[in-house]
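The values are calculated or read from the model by the stated rules, or taken from the named source; none is laboratory data. Bear in mind the structure is a predicted one, so any value in this text is a computation, not a measurement. Using ideal geometry, Cβ is built from the backbone for each residue, glycine included, and neighbour counts are taken over all protein chains shown. Just the protein is used for accessible areas: all its heavy atoms, side chains included, with ligands, DNA and RNA removed. Shrake-Rupley method; radii C 1.70, N 1.55, O 1.52, S 1.80 Å.
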Amino acid sequence: MTEHVNSYYAASANPHAPYPTLTEQLECDVCVIGAGYTGLSSALHLVEKGYSVVVLEAARVGFGASGRNGGQIVNSYSRDIDTIEANCPPDQARLLGSMLFEGGQIIRERIKRYNIQCDLQEGGVFAAETERQLHDLRAQQARWQKWGNDKLELLDRDWIREVVASDRYVGGLLDKSGGHIHPLNLALGEAEAIRMLGGRIFEQSAVTSITPGQPALVKTAKGAVKARFVVVAGNAYLGNLVPELASKSMPCGTQVIATEVLGEERARSLLPQNYCLEDCNYLLDYYRTSGDHRLIYGGGVVYGARDPADIERLIIPKMLKTFPQLADVKVEYTWTGNFLLTLSRLPQFGRIGPNIYYMQGYSGHGVTCTHLAGKLLSEVLSGQAERFDAFAKLPHYPFPGGRLFRIPFTAAGAAWYTLRDRLGV
């Protein structure tokens, strides 16, 4: 039996009963593989439209990145709209631009509609360590304003010091439509909403095979599901279940720590407005305070998704570089989790045959885009394919060197960008 990792989120999760293991033969309209945000968002949008839905999860709801991430509601995609506009036809770029901020709106709508208790706080900051990064943030502000985000404020060196008690930054960009949440509690709340509306969720029910057909047949060790449609939403934890997806993506690990409880006064001395923050480096740091006033700090990437032996050794120096005033603070939780990287850093949506759909590869930018993905999946199954297809038409590139060399090639590229960040060029 695979349980949640020993993270702060698992330790502070809202009370919830486990879901059963699949031990029978079922039939439904849609079988969703994976109970992370992509699968949960898809299932919730579908049950709201009256579809019969079965969700199969290999471990527990929110076991993967959805229950372990930094908890930040960050708009756009891992590659911003300027990259899309430069590489896509105008109509496709227009559709993708129109969805830049929709994922965060969906999250807030879910929290409100289903009364999900997940410590929602408004406001997020992109922090610049160099003048070049601050120049890039000015351009980002102009792009996002063009696409309808009127909740942006550029922060100079003095103003950002009022937002974060650190000397690292020369400025930043405040996005008041960003924010942060307890990610596992969001996933658990969405799962409960699915259950309330008649959807069926099965945990400890890893899929062993998908047999295409009409209906498709999805098998687990102890049961099976016949479905008109299948949604593959395993992302970084899909393994080799669908080999054609595994060849064009790479699981990567990121590490997170949570301090002891700081108390409200000390927590607000670090982040007075309780915004979350990420820096602008290629391998970025991200942090925020929790509902019970801890500092949650993450950063770094381990290509190939190995679990590093000493997370504290990797992350505590980053935290102390930002907040040297926390030298006396104990770390109570450390954990790692995998996200799925694509070569383009843009998500991969598509179809395998007439009735198997997939969405994956958010490249570290998944909290909002996964929620958008579920809405688009419900649209395409209801006959409205235009917005889903705007993503599906994005190219899915293989990594240079194939699966054997993708890790060293990607790590070498990241080292180059990290050097650029340090040099400020």
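With an 8 Å cut-off on Cα pairs and a minimum separation of 6 or more residues, tell me the relative contact order of the stretch 206-325 in percent.
Once divided by the residue count of the stretch 206-325, the mean separation gives 21 percent.
Give me the percent relative contact order of the stretch 76-154, please, defined on Cα pairs under 8 angstrom at least 6 residues apart.
For the stretch 76-154, the relative contact order is 27 percent.
What nm distance separates the two modelled labels at ARG94 and LYS146, each placed 7 Å from Cα along Cα→Cβ?
1.5
Over the stretch 23-94, with every protein chain in place, what whole percent of the accessible area is carbon and sulfur at 1.4 Å, could you tell me?
46
Post the alpha-carbon centroid distance, the stretch 199-214 to the stretch 344-364, in whole angstrom.
18
Projecting each Cα onto the charge dipole of the stretch 158-264 (Lys/Arg +1, Asp/Glu -1 at the beta carbon, about the Cα centre), which of SER249, GLY171, GLY189 comes out farthest on the positive side?
SER249
Taking only complete DSSP H runs, can you tell me which helices of the chain stretch 15 Å or more along their own long axis by Cα positions and average at least -0.5 on the Kyte-Doolittle scale?
Helices meeting the span and hydropathy rule in the chain are 37-48, 183-196, 311-322, 366-381, 402-423.
If the only charges are +1 at each Lys and Arg Cβ and -1 at each Asp and Glu Cβ, what is the size of the charge dipole of the stretch 97-256 around the Cα centre, to the nearest 20 debye?
The calculation lands at about 880 debye.
Are any of the pairs LYS222/LYS248; LYS112/LYS375; LYS49/LYS375 more than 21 Å apart by Cα-Cα distance, and if so, which?
Correct reply: LYS222/LYS248.
I'd like the accessible area for SER344: 1.4 Å probe, protein heavy atoms, all chains in place, Å² to the nearest 10.
Probe radius 1.4 Å; accessible area of SER344 about 30 Å².
Which whole-number percent is the relative contact order of the chain (Cα, under 8 Å, 6+ apart)?
24
List the pair-distance distribution P(r) of the chain, using every Cα-Cα distance, as the percent of pairs falling in each 10 Å bin from 0 up to the bin containing the longest distance, rounded to whole percents.
Calculated P(r), rounded to whole percents: 5, 23, 33, 27, 11, 2, 0.
With a cut-off of at most 11 other beta carbons within 10 Å, and DSSP calling the residue loop, which chymotrypsin sites (Phe, Trp or Tyr not before Pro) in the stretch 251-332 qualify? Please list them.
For chymotrypsin sites (Phe, Trp or Tyr not before Pro) across the stretch 251-332 that sit outside H, G, I, E and B with at most 11 neighbouring Cβ atoms in 10 Å, the list is empty.
Leaving ligands, DNA and RNA out of it, rank GLU312, GLU278 by accessible area with a 1.4 Å probe, largest first.
GLU312, GLU278
May I ask you to derive the FRET efficiency for TRP159 and HIS135 from their Cβ-Cβ distance with R0 = 22 Å, giving the value to the nearest 0.05?
Once the sixth-power term is evaluated, E becomes 0.85.
I need the calculated FRET efficiency for the pair ARG351 and GLN325, taking r as the beta carbon distance and R₀ as 51 Å, to the nearest 0.05.
0.45
Would you list THR23, THR220 from the most to the least accessible area, probe 1.4 Å?
THR23, THR220
With +1 assigned to the C-beta of every Lys and Arg and -1 to the C-beta of every Asp and Glu, and no other charges, what is the dipole magnitude of the chain about the Cα centre in debye, to the nearest 20?
Charge dipole of the chain: 840 debye, to the nearest 20.
What's the extension gain from THR208 to GLU27 if we count 0.36 nm per residue and subtract their Cα-Cα distance?
Here the answer is 63.4 nm.
Within straight cross-link reach of LYS330, meaning Cα distance under 21 Å, which lysines are found once same-chain residues fewer than 8 apart are removed?
Straight-distance partners of LYS330: LYS318, LYS321.
Give me the distance in nm between label points sitting 7 Å out from Cα along the Cα-to-Cβ direction at LEU217 and LEU283, one decimal.
4.7
Ranked from the most accessible area to the least, with a 1.4 Å probe and all protein chains present, what is the order of CYS88, CYS276?
My answer, sorted largest first, is CYS88, CYS276.
For the stretch 1-132, with only Lys/Arg (+1) and Asp/Glu (-1) charged at the beta-carbon, what is the dipole magnitude about the Cα centre, in debye rounded to 20?
220
By how many nm would the segment from SER382 to LYS49 grow when fully extended, if each residue of separation counts as 0.36 nm and the alpha-carbon distance is taken off?
119.0 nm
May I ask what percent, to the nearest 5, of DSSP beta bridges between residues of the chain are antiparallel?
70
I need the calculated FRET efficiency for the pair ALA86 and LYS112, taking r as the beta carbon distance and R₀ as 35 Å, to the nearest 0.05.
The computed FRET efficiency comes out at 0.45.
Towards the positive end of the charge dipole of the chain, with charges on Cβ (+1 Lys, Arg; -1 Asp, Glu), say which of THR259, THR83, LEU284 has the farthest Cα.
THR83
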